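Here the structure is laid out as structure tokens; the discussion comes afterwards.
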Amino acid sequence: MMVRVSDDPPPEENPANTAEEATPAAPPQRLRTLLVIAVILLALDLLTKCLVVANLQPGEPVYLIGDWARLSLVRNPGAAFSMATGMTWLLTLVATAVVIGVVRIGRTLRSLWWAIGLGMVLGGALGNLVDRLFRAPGPLQGHVVDFLAIGWWPVFNVADSSIVCGAILLVVLTVFGFEPNGTRTGRDEPDTATADTTANKTSEGNTA
């Protein structure tokens, strides 16, 4: 029995398809994660402020752990540490700009940790912005409700702690090279020189 051998050349592999198969899929976008974290923190901030305003009076603190931890209702017209108390309107505009900036960054975000950090910053900024817009004495002039007093630290609220913790996380991610797009500086970036050398060798082999 004779076996017929085909004279047709073997099918050539498409380099483009091979490259696509070798390229890992990009991480998913994290805007939804960012927004969920922000909404949860915003709701927690608003809930605690409503409870404090309904049950506490200024100048009548509730001691939790001796004099070290207490609940003390303070209406703050300024920023953290009672700074810029006469520039409430400017702080409102700054908070608005922060919210817009975080949402714009979040539209292309692919890092989970960056989403968590920015979500914390966004939730805190929104929490204090609601106070600036809707609390007395009026729009853009509203005083922020602070009620948590720990040791010598100035009185703060859930939104303040969320902003600070989120900012610290973002600084740590930046220091260790974690990028918003899900890569890490010096590890996940492609070696351009190696890629060019490989491409040249492949081209020369095909030519030969």
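What follows is calculated from the coordinates using simple rules that are stated; it is not laboratory data. Predicted model only: the values in this text are computed from it and were never measured. A quick note on method: Cβ atoms are made from the backbone with ideal geometry, for glycine too, and the neighbour counts reach across all protein chains shown.
Points worth noting:
- Remark: spin-label model distance Asp67-Ile168 equals 2.6 nm, labels positioned 7 Å along the Cα→Cβ axis.
- Segment 140-154 residues near the modelled Leu90 label - backbone nitrogen below 17 Å, point 7 Å along Cα→Cβ: 140-142
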